[in-house]
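Below: one structure, written as structure tokens.
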Amino acid sequence: MTIFGIDFSMWSLWLAGALVLAIMEVIAPGFFMIFLAVGAAITGFVMLIAPDLHPIAQALLFALFSGVAVMLGRRWYHRSPSTAGVPGMNDRTAKLIGRTVEVCEPIVGGEGRVKVGDGAWTANGPDMPAGARVRITGAAGSVLLVEPLA
């Protein structure tokens with residue numbers, strides 16, 4: 001095949017396509033183009049061995065190799081342990097459960113405020129006077145559920 005007066009063989013075009021797909025994987029968000037790049041690279045190596053392969057057969061090989069790469073990649077991805085899932089990472093109320101805090105505004109009718117660190121949080125629990133020590137047992141949204149210390 002001649003492009004801009006330069007004679008290219010099909011295997012070199014497949015490998016160039018694999019390189020372009022790999023570069024797109026680096027630039028674009030997500031994790032999919034690399035599998036297509038693997039399929040194109042393997043097809044390029046097959047074309048190096050069998051240079052007279054029909055274009056339809058080349059497309060079918062590319063689809064087959066890319067599909068296998070996607071399946072193997074999915075299997076590998078789902079087996080890899082996730083390091084991003086730190087429990088309670090984006091749930092501040094979950095980190096507060098079990099802590100002992102002080103009631104800063106009396107809990108009357110099941111609702112009041114407790115002092116957590118340098119801030120005050122709305123709290124639901126049994127009626128208690130200001131200054132009472134309570135344990136955080138849960139949360140409903142940004143409202144803490146508290147119970148008196150036994």
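All of the numbers you see were taken from the coordinates with simple rules; none came from a lab. Source: prediction; values computed, not measured. Neighbour counts run over all protein chains shown; Cβ positions are idealised from the backbone, glycine included.
Database remark: amide H of residue 132 closer than 5 angstrom to the amide H of 103 (H placed geometrically; neighbours at sequence offset of 5 or more, or on other chains; Pro and chain starts carry no H).
Note on residue 122 and residue 57: the model spin-label points, each 7 Å out from Cα along the C-beta direction, lie 7.1 nm apart. For the chain, the mean residue ellipticity at 222 nm estimated from helices alone is -14500 deg cm²/dmol, where every DSSP H run of n ≥ 4 contributes -39500 (n - 2.57) and the total is divided by all residues, rounded to the nearest 500. Here the simple spin-label model places points 7 Å from the Cα toward Cβ, and for residue 75 and residue 49 these points are separated by 2.0 nm.
Couplings for segment 54-65, taken from phi via the Karplus curve 6.51 cos²θ - 1.76 cosθ + 1.60 with θ = phi - 60°, read 4, x, 5, 5, 4, 5, 5, 5, 4, 4, 5, 5 Hz in order; Gly and Pro are left as x. Segment 92-148 has equivalent-ellipsoid semi-axes of 15, 11, 10 Å, by the square roots of 5 times the alpha carbon gyration tensor eigenvalues, sorted largest first.
Here the chain yields Rg over Rh of 1.49, to two decimals, using C-alpha coordinates and the Kirkwood radius. Based on Cα atoms of segment 2-79, Rg over Rh with Rh as the Kirkwood radius reads 1.03.
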